[in-house]
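Notes follow once the structure below has been shown.
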Amino acid sequence: MASGSKKVILAGITANFLIAVAKFVASAFTGSAAMFSEGIHSLVDTGNQALLLYGMGRAARPADKRHPFGYSMELYFWSFVVAILIFAVGAGVSFYEGVEKVLHPVAVHDPTVNYIVLAVAFVIEGFAWWVAFKEFNRARGDRGMFEAIRKTKDPAVMAVLLEDSAAMIGLMVAFTGIFLGQVLNMPVLDGMASIGIGVVLTVAAIILAIETKGLLIGESADMSMVESVRTLVLSHPQVTDVNEALSMHLGPEDILMTMSLDFSSDATADDVEEAVSRMETAIKEKHPQIRRVFIEAQSIAAHHQAVEVGQGA
């Protein structure tokens, strides 16, 4: 997934930078608030995707003494920063520019330039969106779109897909505002389009912030994977029960799993050590995303007692 995520981000950075330049030139030539907001939108997207690329590089660093579980969660942090920037910069500037042009409407000069830039931008954004969508579609499997967004553990692809989707919608809003403003001779609609772009960006920022917040505070692995591990462990002849199986995503492809197992009463200490070693190897072979496995030998009675003490505390 990491190589796929990087490909998606690089495609997005290239597309958004070229589009941002074209939109700013068109805005300066025609005086369109919607085009200016779209330029800010593309510029923010370029910066955001550069931050995601930076976050991926930081997350790939190996574990050290200060961070024994590695740096994978840095990607979640930078994804949350991206959500904040989309709202604070992208949506904020769009709202400001829109309100300014609604209060003081100015007719757009020669909107043909805007239409050409919007058409070219739509084609380029559409290509970037398609690259992101294909990668997202590959990862989601047979899950529905909204379920996949809610359960994804790779915020980089989700962020780019959300930004590109917002960009496509924003282009349509900008075109509608500029076109209707020209046809109806109502320049105020250009400002309204800018406000509409701000609304689109706000929605995208909220969705991304909610999803990355969940990852930052610790989300479990997919339940089907947890059940698969439970089944694998229970197939071992000396394991009588799984008291607890807890997992957490440290990164899109970096899962931590801890387990409390009840072993048969006739198992010796050597038997338990050998069984734990074999189970850890089997789990990592079947699920390479599980990078760290910690298995504790504990009777069911002792586990329940520990749980009760923890709840009492």
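Throughout, read-outs are computed from the coordinates displayed, never taken from laboratory work. All figures in this text were calculated on a predicted structure; none of them were measured in a lab. Reconstructed Cβ throughout: ideal geometry from the backbone, glycine too, with neighbour counts over all protein chains shown.
Data for the structure
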{"read-out": "Charge dipole magnitude, Cβ of K and R +1, D and E -1 - segment 1-99, Cα centre, debye nearest 20", "value": "440 debye"}
{"read-out": "Extension gain, PHE127 back to GLU227 (0.36 nm per residue minus Cα-Cα distance, nm)", "value": "32.2 nm"}
{"read-out": "Links that overshoot a 18 Å alpha carbon limit, given the list LYS6/LYS134; LYS7/LYS213; LYS134/LYS286", "value": "LYS7/LYS213; LYS134/LYS286"}
{"read-out": "Stretchable slack from LYS7 to SER220, in nm (0.36 nm times residue separation minus alpha-carbon distance)", "value": "74.0 nm"}
{"read-out": "Packing-based exposure ordering (other Cβ within 10 Å, fewest first) of SER220, SER42", "value": "SER220, SER42"}
{"read-out": "Cα shape, segment 223-312, gyration tensor, a/c 1.5 rule", "value": "oblate"}
{"read-out": "Shape box of segment 18-76 [Cα atoms, principal axes, largest first, Å]", "value": "57, 16, 11"}
{"read-out": "Extension gain (nm, one decimal) between THR258 and TYR96, 0.36 nm per residue minus Cα-Cα", "value": "53.4 nm"}
{"read-out": "Inter-label distance, nm, simple model (7 Å from Cα along the C-beta direction), VAL81/VAL120", "value": "3.2 nm"}
{"read-out": "Net charge dipole size for segment 223-312 [Lys, Arg +1 and Asp, Glu -1 on Cβ; Debye, nearest 20]", "value": "360 debye"}
{"read-out": "Listed residues MET168, HIS236, VAL183: farthest to the positive end of the dipole of segment 159-313 (Cβ charges)", "value": "VAL183"}
{"read-out": "Unit charges on C-beta of K, R, D, E only; dipole of the chain, Debye", "value": "940 debye"}
{"read-out": "Nearest-0.05 FRET efficiency for PHE294 and LYS213, computed from C-beta distance (R0 25 Å)", "value": "0.45"}
{"read-out": "Of the DSSP H helices in the chain, those whose Cα atoms cover at least 15 Å axially and whose Kyte score averages 0.0 or more", "value": "2-30, 33-59, 74-85, 92-103, 112-140, 155-183, 188-216, 223-234, 300-312"}
{"read-out": "Diffusion coefficient, µm² s⁻¹, Stokes-Einstein with Kirkwood Rh over alpha-carbon pairs of the chain at 25 °C and 0.890 mPa s", "value": "112 µm²/s"}
{"read-out": "Cα gyration tensor category, rounded, prolate or oblate, for segment 1-158 with a/c compared to 1.5", "value": "prolate"}
{"read-out": "Antiparallel DSSP beta bridges within segment 223-312, percent to nearest 5", "value": "60 percent"}
